[in-house]
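Colleague: Dumping the structure here so I can ask a few things about it.
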Amino acid sequence: METVQDLEARYIINTYNRNPNETPFLIKGEGSYVWDGDEKKYLDFVSGLAVNVLGHCHPEVIKAIRKQTEQLIHTSNLYYTAPQAYLAEMLVKNSLSGGKAFFANSGAEANEAAIKLARKNNSGRYKIITAENSFHGRTMATLTATGQPKYRESFIPLLEGFDYACFNDLNSFAALIDSSTAAIMIEPIQGEGGVHVAEASFIKGLRELCDREGILLIFDEVQSGMGRTGQLWSFENWAVRPDLLTVAKGLGGGLPIGALIAAEEFSAVLQPGDHASTFGGNPVVCSAALAVLKLVKSEQFLQEVQSKSRVLEKSLLKMAADYPELVKEKRGMGLIRALELNQAVAKKIQGRCTEQGLLINAIGDNIIRFLPPLIITDDELKEGLRLFDQVLKEFI
Ligand SMILES: Cc1ncc(COP(=O)(O)O)c(C=O)c1O
(Lines give C-alpha, C1' and ligand atoms only; values in the text may rest on other atoms or scores of the structure.)
Protein backbone atom coordinates (compact mmCIF):
# COMPACT_ATOMS: atom_id res chain seq x y z
CA MET A 1 0.00 0.00 0.00
CA GLU A 2 1.18 3.47 -0.77
CA THR A 3 2.15 5.62 2.20
CA VAL A 4 0.98 9.17 2.78
CA GLN A 5 4.46 10.29 1.78
CA ASP A 6 4.19 8.36 -1.51
CA LEU A 7 0.79 9.87 -2.24
CA GLU A 8 2.06 13.34 -1.43
CA ALA A 9 5.07 12.90 -3.72
CA ARG A 10 2.80 11.79 -6.54
CA TYR A 11 -0.20 14.09 -6.12
CA ILE A 12 0.77 17.27 -4.27
CA ILE A 13 2.58 20.05 -6.07
CA ASN A 14 5.91 20.23 -4.33
CA THR A 15 5.86 23.74 -2.87
CA TYR A 16 6.66 22.79 0.74
CA ASN A 17 9.78 20.71 0.40
CA ARG A 18 8.76 18.11 3.00
CA ASN A 19 11.20 15.24 3.26
CA PRO A 20 9.99 11.72 4.15
CA ASN A 21 13.17 10.99 6.12
CA GLU A 22 13.13 14.13 8.23
CA THR A 23 9.67 15.67 8.32
CA PRO A 24 7.34 14.35 11.03
CA PHE A 25 3.97 12.97 9.99
CA LEU A 26 1.70 14.41 12.64
CA ILE A 27 -1.57 12.89 13.68
CA LYS A 28 -2.56 14.40 17.01
CA GLY A 29 -2.05 17.51 19.11
CA GLU A 30 -2.87 18.65 22.61
CA GLY A 31 -1.69 21.81 24.35
CA SER A 32 1.99 22.42 23.58
CA TYR A 33 2.54 18.91 22.17
CA VAL A 34 1.99 17.01 18.93
CA TRP A 35 2.39 13.29 18.21
CA ASP A 36 3.47 11.45 15.09
CA GLY A 37 2.22 8.16 13.64
CA ASP A 38 4.69 6.20 15.81
CA GLU A 39 3.35 7.91 18.94
CA LYS A 40 6.51 9.93 19.28
CA LYS A 41 5.78 13.15 21.19
CA TYR A 42 7.14 16.55 20.17
CA LEU A 43 7.15 19.80 22.11
CA ASP A 44 5.94 22.35 19.60
CA PHE A 45 7.94 25.59 19.42
CA VAL A 46 6.51 26.38 15.97
CA SER A 47 2.76 26.56 16.80
CA GLY A 48 1.68 26.07 13.21
CA LEU A 49 3.78 29.15 12.33
CA ALA A 50 2.25 31.40 15.01
CA VAL A 51 -1.27 30.07 14.49
CA ASN A 52 -1.84 27.86 17.54
CA VAL A 53 -1.67 30.61 20.15
CA LEU A 54 -3.86 28.52 22.48
CA GLY A 55 -1.89 25.38 21.65
CA HIS A 56 -3.43 22.38 19.96
CA CYS A 57 -7.11 21.46 20.25
CA HIS A 58 -7.92 23.94 23.02
CA PRO A 59 -11.22 22.88 24.68
CA GLU A 60 -12.80 26.34 24.27
CA VAL A 61 -12.02 26.34 20.55
CA ILE A 62 -13.37 22.81 20.14
CA LYS A 63 -16.54 23.76 22.03
CA ALA A 64 -17.13 26.84 19.89
CA ILE A 65 -16.54 24.96 16.63
CA ARG A 66 -18.72 22.04 17.69
CA LYS A 67 -21.60 24.27 18.75
CA GLN A 68 -21.54 26.29 15.55
CA THR A 69 -21.15 23.31 13.19
CA GLU A 70 -24.27 21.75 14.71
CA GLN A 71 -26.18 24.94 13.97
CA LEU A 72 -24.98 26.51 10.70
CA ILE A 73 -21.73 25.98 8.80
CA HIS A 74 -21.90 28.30 5.80
CA THR A 75 -24.31 30.76 4.27
CA SER A 76 -22.32 33.14 1.99
CA ASN A 77 -22.22 36.85 2.65
CA LEU A 78 -25.59 37.41 1.00
CA TYR A 79 -27.09 36.96 4.49
CA TYR A 80 -26.60 38.15 8.05
CA THR A 81 -24.93 35.75 10.47
CA ALA A 82 -24.19 36.45 14.12
CA PRO A 83 -20.59 35.25 14.77
CA GLN A 84 -18.99 37.63 12.26
CA ALA A 85 -20.83 40.62 13.73
CA TYR A 86 -19.79 39.71 17.30
CA LEU A 87 -16.22 39.06 16.19
CA ALA A 88 -16.02 42.37 14.31
CA GLU A 89 -17.25 44.21 17.41
CA MET A 90 -14.70 42.51 19.65
CA LEU A 91 -11.86 43.02 17.18
CA VAL A 92 -12.61 46.68 16.53
CA LYS A 93 -13.12 47.54 20.22
CA ASN A 94 -9.88 45.80 21.11
CA SER A 95 -7.64 47.17 18.37
CA LEU A 96 -8.20 50.60 16.85
CA SER A 97 -10.93 51.56 19.39
CA GLY A 98 -13.25 52.28 16.52
CA GLY A 99 -13.63 51.56 12.84
CA LYS A 100 -14.79 48.48 10.98
CA ALA A 101 -13.55 45.03 9.96
CA PHE A 102 -13.52 43.07 6.71
CA PHE A 103 -13.13 39.29 6.96
CA ALA A 104 -11.05 37.16 4.62
CA ASN A 105 -9.41 33.73 4.94
CA SER A 106 -5.68 34.34 5.28
CA GLY A 107 -3.01 36.88 6.00
CA ALA A 108 -2.35 37.53 2.34
CA GLU A 109 -6.04 38.21 1.73
CA ALA A 110 -6.23 40.57 4.69
CA ASN A 111 -3.30 42.47 3.16
CA GLU A 112 -4.93 42.45 -0.29
CA ALA A 113 -7.95 44.12 1.26
CA ALA A 114 -5.71 46.72 2.92
CA ILE A 115 -3.90 47.43 -0.36
CA LYS A 116 -7.19 47.85 -2.23
CA LEU A 117 -8.55 50.15 0.47
CA ALA A 118 -5.37 52.27 0.44
CA ARG A 119 -5.54 52.63 -3.35
CA LYS A 120 -9.20 53.55 -3.37
CA ASN A 121 -8.91 55.95 -0.45
CA ASN A 122 -7.12 58.63 -2.34
CA SER A 123 -7.79 58.29 -6.04
CA GLY A 124 -4.74 58.84 -8.17
CA ARG A 125 -2.46 57.87 -5.30
CA TYR A 126 -1.57 54.23 -5.71
CA LYS A 127 1.99 53.68 -4.57
CA ILE A 128 2.66 51.62 -1.43
CA ILE A 129 6.02 51.72 0.27
CA THR A 130 6.98 48.55 2.14
CA ALA A 131 10.18 47.45 3.85
CA GLU A 132 13.05 45.45 2.48
CA ASN A 133 13.11 41.98 4.00
CA SER A 134 9.36 42.13 4.70
CA PHE A 135 6.83 39.38 4.10
CA HIS A 136 3.20 40.14 3.30
CA GLY A 137 1.96 37.03 1.46
CA ARG A 138 2.02 35.10 -1.81
CA THR A 139 -0.83 36.54 -3.87
CA MET A 140 0.38 38.78 -6.69
CA ALA A 141 -0.21 42.05 -4.81
CA THR A 142 1.15 40.84 -1.48
CA LEU A 143 4.07 39.12 -3.20
CA THR A 144 4.88 42.44 -4.84
CA ALA A 145 4.58 44.11 -1.43
CA THR A 146 7.01 41.55 0.00
CA GLY A 147 10.46 43.10 0.14
CA GLN A 148 12.41 39.91 -0.62
CA PRO A 149 13.45 39.56 -4.29
CA LYS A 150 13.92 35.78 -3.96
CA TYR A 151 10.14 35.31 -3.64
CA ARG A 152 9.32 37.72 -6.47
CA GLU A 153 11.78 37.10 -9.25
CA SER A 154 10.08 34.08 -10.90
CA PHE A 155 6.78 35.90 -11.20
CA ILE A 156 7.46 39.06 -13.15
CA PRO A 157 5.83 41.24 -14.30
CA LEU A 158 4.61 42.11 -10.83
CA LEU A 159 2.03 44.69 -9.83
CA GLU A 160 2.91 48.30 -10.46
CA GLY A 161 3.26 50.79 -7.68
CA PHE A 162 5.38 49.24 -4.93
CA ASP A 163 8.64 50.61 -3.56
CA TYR A 164 10.93 49.21 -0.91
CA ALA A 165 12.63 51.19 1.83
CA CYS A 166 15.04 50.12 4.51
CA PHE A 167 13.41 48.80 7.71
CA ASN A 168 14.19 50.95 10.74
CA ASP A 169 15.48 53.77 8.51
CA LEU A 170 12.91 56.55 8.54
CA ASN A 171 14.75 58.68 6.00
CA SER A 172 14.70 55.93 3.42
CA PHE A 173 10.88 55.79 3.68
CA ALA A 174 10.57 59.59 3.58
CA ALA A 175 12.78 59.74 0.48
CA LEU A 176 10.43 57.48 -1.51
CA ILE A 177 7.24 59.45 -0.88
CA ASP A 178 5.88 61.41 -3.82
CA SER A 179 2.51 62.70 -5.00
CA SER A 180 1.43 59.17 -6.02
CA THR A 181 2.09 57.56 -2.64
CA ALA A 182 -1.00 56.10 -0.95
CA ALA A 183 0.43 54.25 2.05
CA ILE A 184 3.33 52.85 3.99
CA MET A 185 2.92 49.23 5.03
CA ILE A 186 5.17 47.44 7.50
CA GLU A 187 5.26 44.52 9.89
CA PRO A 188 6.16 46.05 13.28
CA ILE A 189 8.11 42.82 13.82
CA GLN A 190 9.37 41.22 10.62
CA GLY A 191 8.65 37.53 11.14
CA GLU A 192 9.53 35.56 8.00
CA GLY A 193 12.40 37.95 7.35
CA GLY A 194 14.18 36.67 10.48
CA VAL A 195 12.46 38.39 13.44
CA HIS A 196 13.56 42.02 13.23
CA VAL A 197 11.83 44.37 15.67
CA ALA A 198 10.98 47.97 14.76
CA GLU A 199 12.75 50.62 16.81
CA ALA A 200 10.49 52.98 18.75
CA SER A 201 11.84 56.09 17.02
CA PHE A 202 11.27 54.49 13.60
CA ILE A 203 7.70 53.47 14.23
CA LYS A 204 6.77 56.77 15.89
CA GLY A 205 8.51 58.58 13.03
CA LEU A 206 6.49 56.64 10.46
CA ARG A 207 3.26 57.73 12.17
CA GLU A 208 4.32 61.38 12.04
CA LEU A 209 5.49 61.04 8.45
CA CYS A 210 2.19 59.50 7.31
CA ASP A 211 0.18 62.19 9.12
CA ARG A 212 2.29 64.94 7.60
CA GLU A 213 2.04 63.52 4.07
CA GLY A 214 -1.63 62.51 4.32
CA ILE A 215 -0.96 58.85 3.56
CA LEU A 216 -2.11 55.69 5.30
CA LEU A 217 -0.04 53.73 7.79
CA ILE A 218 -0.72 50.00 7.54
CA PHE A 219 0.53 47.52 10.13
CA ASP A 220 0.64 43.89 9.09
CA GLU A 221 0.26 42.07 12.40
CA VAL A 222 -0.50 38.71 10.83
CA GLN A 223 2.40 37.16 12.72
CA SER A 224 3.16 39.66 15.50
CA GLY A 225 -0.43 40.12 16.70
CA MET A 226 -2.83 38.04 18.82
CA GLY A 227 -0.88 38.31 22.06
CA ARG A 228 2.47 37.15 20.69
CA THR A 229 4.43 40.04 22.24
CA GLY A 230 2.53 40.07 25.54
CA GLN A 231 0.23 42.81 24.20
CA LEU A 232 -2.77 41.91 22.08
CA TRP A 233 -1.17 43.78 19.14
CA SER A 234 2.52 44.47 18.91
CA PHE A 235 1.88 48.16 18.06
CA GLU A 236 0.76 48.65 21.67
CA ASN A 237 4.39 48.22 22.70
CA TRP A 238 5.17 51.51 20.95
CA ALA A 239 1.80 53.19 21.55
CA VAL A 240 1.57 53.93 17.83
CA ARG A 241 -1.72 53.17 16.12
CA PRO A 242 -2.01 52.38 12.39
CA ASP A 243 -4.84 53.48 10.10
CA LEU A 244 -5.24 49.93 8.81
CA LEU A 245 -4.42 46.79 10.74
CA THR A 246 -4.24 43.31 9.24
CA VAL A 247 -4.46 40.15 11.32
CA ALA A 248 -4.75 36.43 10.60
CA LYS A 249 -2.82 33.36 11.80
CA GLY A 250 -3.53 33.13 15.56
CA LEU A 251 -7.00 34.62 15.34
CA GLY A 252 -8.84 31.50 14.14
CA GLY A 253 -7.52 28.94 16.63
CA GLY A 254 -6.27 26.89 13.66
CA LEU A 255 -9.12 27.65 11.27
CA PRO A 256 -8.38 29.92 8.30
CA ILE A 257 -9.20 33.57 8.86
CA GLY A 258 -7.78 36.97 8.00
CA ALA A 259 -9.14 40.38 8.87
CA LEU A 260 -8.58 43.96 7.88
CA ILE A 261 -9.50 46.52 10.52
CA ALA A 262 -9.84 50.07 9.22
CA ALA A 263 -9.92 53.05 11.55
CA GLU A 264 -13.22 54.96 11.61
CA GLU A 265 -12.00 57.59 9.15
CA PHE A 266 -11.30 54.97 6.47
CA SER A 267 -14.05 52.49 7.25
CA ALA A 268 -16.37 53.65 4.46
CA VAL A 269 -13.80 53.64 1.65
CA LEU A 270 -14.71 50.15 0.47
CA GLN A 271 -18.32 50.04 -0.67
CA PRO A 272 -20.61 47.22 -1.91
CA GLY A 273 -19.01 45.56 -4.92
CA ASP A 274 -15.50 46.80 -4.14
CA HIS A 275 -14.37 43.69 -2.31
CA ALA A 276 -15.77 40.35 -1.15
CA SER A 277 -14.96 36.81 -0.13
CA THR A 278 -17.16 33.72 -0.39
CA PHE A 279 -15.85 32.20 2.81
CA GLY A 280 -14.86 35.42 4.58
CA GLY A 281 -16.64 35.76 7.92
CA ASN A 282 -17.75 32.13 7.87
CA PRO A 283 -19.77 31.40 11.03
CA VAL A 284 -17.69 28.42 12.19
CA VAL A 285 -14.39 30.21 11.74
CA CYS A 286 -15.68 33.37 13.40
CA SER A 287 -17.03 31.36 16.35
CA ALA A 288 -13.60 29.80 16.83
CA ALA A 289 -11.99 33.24 16.56
CA LEU A 290 -14.37 34.68 19.14
CA ALA A 291 -13.36 31.92 21.58
CA VAL A 292 -9.65 32.61 20.93
CA LEU A 293 -9.90 36.38 21.16
CA LYS A 294 -11.94 36.27 24.40
CA LEU A 295 -9.13 34.35 26.10
CA VAL A 296 -6.13 36.08 24.54
CA LYS A 297 -7.29 39.65 25.18
CA SER A 298 -7.55 39.13 28.94
CA GLU A 299 -5.04 41.07 31.03
CA GLN A 300 -4.03 37.97 32.97
CA PHE A 301 -3.36 35.95 29.81
CA LEU A 302 -1.19 38.72 28.38
CA GLN A 303 0.72 39.13 31.64
CA GLU A 304 1.49 35.43 31.62
CA VAL A 305 2.85 35.77 28.07
CA GLN A 306 5.07 38.60 29.31
CA SER A 307 6.40 36.46 32.13
CA LYS A 308 7.13 33.52 29.76
CA SER A 309 8.75 35.98 27.38
CA ARG A 310 11.26 36.85 30.12
CA VAL A 311 12.10 33.15 30.60
CA LEU A 312 12.69 32.75 26.85
CA GLU A 313 14.71 35.93 26.57
CA LYS A 314 16.95 35.07 29.53
CA SER A 315 17.64 31.64 28.14
CA LEU A 316 18.48 32.89 24.63
CA LEU A 317 20.73 35.58 26.13
CA LYS A 318 22.59 32.90 28.04
CA MET A 319 23.01 30.80 24.90
CA ALA A 320 24.34 33.83 23.02
CA ALA A 321 26.82 34.45 25.85
CA ASP A 322 27.78 30.77 26.23
CA TYR A 323 28.32 30.06 22.52
CA PRO A 324 29.62 33.26 20.94
CA GLU A 325 31.33 31.31 18.15
CA LEU A 326 27.96 29.84 17.10
CA VAL A 327 25.37 32.49 18.04
CA LYS A 328 25.76 35.81 16.29
CA GLU A 329 22.74 37.61 17.67
CA LYS A 330 19.51 37.12 19.57
CA ARG A 331 16.45 39.08 18.45
CA GLY A 332 12.75 39.41 19.10
CA MET A 333 10.11 40.26 21.60
CA GLY A 334 7.60 38.29 23.66
CA LEU A 335 7.20 34.79 22.29
CA ILE A 336 8.46 35.61 18.79
CA ARG A 337 12.23 35.37 18.93
CA ALA A 338 15.20 34.24 16.88
CA LEU A 339 18.84 33.35 17.12
CA GLU A 340 21.02 34.27 14.17
CA LEU A 341 23.94 31.88 13.81
CA ASN A 342 27.46 32.44 12.52
CA GLN A 343 27.31 29.19 10.59
CA ALA A 344 24.89 27.82 8.01
CA VAL A 345 23.65 25.05 10.30
CA ALA A 346 20.08 26.16 11.09
CA LYS A 347 18.48 23.33 9.06
CA LYS A 348 20.76 20.75 10.70
CA ILE A 349 19.89 22.09 14.14
CA GLN A 350 16.21 21.94 13.26
CA GLY A 351 16.66 18.30 12.19
CA ARG A 352 18.49 17.34 15.39
CA CYS A 353 15.83 19.07 17.50
CA THR A 354 13.12 17.12 15.69
CA GLU A 355 14.96 13.89 16.49
CA GLN A 356 15.08 14.97 20.14
CA GLY A 357 11.32 15.69 20.19
CA LEU A 358 11.38 19.46 19.79
CA LEU A 359 9.86 21.27 16.80
CA ILE A 360 11.64 24.53 15.98
CA ASN A 361 11.79 26.49 12.74
CA ALA A 362 14.86 27.30 10.67
CA ILE A 363 14.59 30.40 8.50
CA GLY A 364 17.08 30.07 5.68
CA ASP A 365 20.54 28.76 6.50
CA ASN A 366 21.38 30.58 9.70
CA ILE A 367 18.33 31.74 11.62
CA ILE A 368 16.35 29.74 14.16
CA ARG A 369 12.91 31.09 15.01
CA PHE A 370 11.02 30.42 18.25
CA LEU A 371 7.21 30.66 18.16
CA PRO A 372 5.95 28.58 21.09
CA PRO A 373 2.22 28.50 21.80
CA LEU A 374 1.22 31.30 24.14
CA ILE A 375 -0.34 28.80 26.58
CA ILE A 376 2.98 26.98 27.05
CA THR A 377 3.80 26.41 30.73
CA ASP A 378 7.05 27.58 32.29
CA ASP A 379 8.12 23.96 32.70
CA GLU A 380 7.43 23.11 29.07
CA LEU A 381 9.26 26.21 27.92
CA LYS A 382 12.28 25.37 30.07
CA GLU A 383 12.23 21.75 28.89
CA GLY A 384 12.22 22.86 25.24
CA LEU A 385 15.05 25.28 25.87
CA ARG A 386 17.05 22.58 27.66
CA LEU A 387 16.63 20.26 24.64
CA PHE A 388 17.59 23.08 22.30
CA ASP A 389 20.66 23.97 24.37
CA GLN A 390 21.79 20.33 24.25
CA VAL A 391 21.49 20.31 20.48
CA LEU A 392 23.36 23.62 20.16
CA LYS A 393 26.28 22.10 22.12
CA GLU A 394 26.66 19.49 19.36
CA PHE A 395 27.45 22.31 16.90
CA ILE A 396 30.19 24.01 18.91
C1 LIG B 1 3.52 39.21 8.44
C2 LIG B 1 2.82 38.27 7.51
N3 LIG B 1 1.94 38.75 6.63
C4 LIG B 1 1.28 37.95 5.79
C5 LIG B 1 1.49 36.60 5.79
C6 LIG B 1 0.74 35.73 4.84
O7 LIG B 1 -0.23 35.02 5.54
P8 LIG B 1 -0.96 33.76 4.87
O9 LIG B 1 0.06 32.69 4.70
O10 LIG B 1 -2.04 33.41 5.86
O11 LIG B 1 -1.53 34.23 3.58
C12 LIG B 1 2.41 36.04 6.69
C13 LIG B 1 2.67 34.59 6.70
O14 LIG B 1 3.61 34.11 7.23
C15 LIG B 1 3.08 36.91 7.58
O16 LIG B 1 3.96 36.43 8.46
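Colleague: Which of the residues spanning region 92-107 are open to solvent by less than 20 Å² (accessible area, probe 1.4 Å) and either among the small types (Gly, Ala, Ser) or part of a helix (DSSP H, G or I) (or both)? So that I can check it myself, show each step before the final result.
Modeller: Within region 92-107, the subset open to solvent by less than 20 Å² (accessible area, probe 1.4 Å) is 92, 95-96, 98-99, 103-104, 107.
Within region 92-107, Val92, Ser95, Gly98, Gly99, Ala104, Gly107 qualify.
Colleague: Can you find a residue in region 122-132 that is within 16 Å of the ligand (Cβ to nearest atom), farther than 22 Å from Ser234 by Cβ and either open to solvent by 50 Å² or more (accessible area, probe 1.4 Å) or not aliphatic (A, V, I, L, M) (or both)?
Modeller: No, there is no match, as no residue in region 122-132 is within 16 Å of the ligand (Cβ to nearest atom), farther than 22 Å from Ser234 by Cβ and either open to solvent by 50 Å² or more (accessible area, probe 1.4 Å) or not aliphatic (A, V, I, L, M) (or both).
Colleague: Related question: For the condition among the acidic types (Asp, Glu), surrounded by fewer than 21 Cβ atoms within 10 Å (Cβ to Cβ), more than 15 Å from the ligand (Cβ to nearest atom) and touching a residue at least 24 places away in the same chain (Cβ under 8 Å), what is the one hit in Glu208, Glu199, Glu236?
Modeller: Glu199
Colleague: Look at Gly258 and say whether it is modelled with pLDDT of 95 or more, closer than 24 Å to Lys120 by Cβ, open to solvent by less than 20 Å² (accessible area, probe 1.4 Å) and within 16 Å of the ligand (Cβ to nearest atom). Let's see the steps before the verdict.
Modeller: On the way: modelled with pLDDT of 95 or more: yes; closer than 24 Å to Lys120 by Cβ: yes; open to solvent by less than 20 Å² (accessible area, probe 1.4 Å): yes; within 16 Å of the ligand (Cβ to nearest atom): yes.
Criteria met by Gly258.
Colleague: Pairs only if they're at least six apart or on different chains, beta carbon under 8 angstrom, first in region 316-332 and under 21 Å from Gly193 (Cβ atoms), second of a type in the set (Gly, Ala, Ser) and in a loop (DSSP other than H, G, I, E, B); list them, first residue then second.
Modeller: Final answer for the pair search is Arg331/Gly194.
Colleague: A follow-up question, please. Determine which member of the set Ala183, Ala165 is within 16 Å of the ligand (Cβ to nearest atom), out of contact with any Cys (no Cβ under 6 Å at 6 or more places or on another chain) and among the hydrophobic types (A, V, I, L, M, F, W, C).
Modeller: Details: Ala165 fails: within 16 Å of the ligand (Cβ to nearest atom).
Exactly one of Ala183, Ala165 is within 16 Å of the ligand (Cβ to nearest atom), out of contact with any Cys (no Cβ under 6 Å at 6 or more places or on another chain) and among the hydrophobic types (A, V, I, L, M, F, W, C), namely Ala183.
Colleague: Condition check: in contact with a strand residue (DSSP E or B) (Cβ under 6 Å, 6 or more places away or on another chain), of a type in the set (A, V, I, L, M) and either open to solvent by less than 100 Å² (accessible area, probe 1.4 Å) or touching a residue at least 12 places away in the same chain (Cβ under 8 Å) (or both). Does Val51 satisfy that?
Modeller: Numbers: in contact with a strand residue (DSSP E or B) (Cβ under 6 Å, 6 or more places away or on another chain): no; of a type in the set (A, V, I, L, M): yes; either open to solvent by less than 100 Å² (accessible area, probe 1.4 Å) or touching a residue at least 12 places away in the same chain (Cβ under 8 Å) (or both): yes.
Answer is no for this residue.
Colleague: In this structure, is Gly273 over 30 Å from Leu209 (Cβ atoms), in a loop (DSSP other than H, G, I, E, B) and away from the ligand (no atom under 13 Å from the Cβ)?
Modeller: Values: over 30 Å from Leu209 (Cβ atoms): yes; in a loop (DSSP other than H, G, I, E, B): yes; away from the ligand (no atom under 13 Å from the Cβ): yes.
So Gly273 passes the test.
The values are calculated or read from the model by the stated rules, or taken from the named source; none is laboratory data. Everything numeric here is computed off the predicted structure, so don't read it as measured data. All Cβ positions, glycine included, derive from the backbone under ideal geometry; neighbour counts span all protein chains shown. SASA here: full protein model, heavy atoms, side chains in, ligands and nucleic acids out. Shrake-Rupley method; radii C 1.70, N 1.55, O 1.52, S 1.80 Å.
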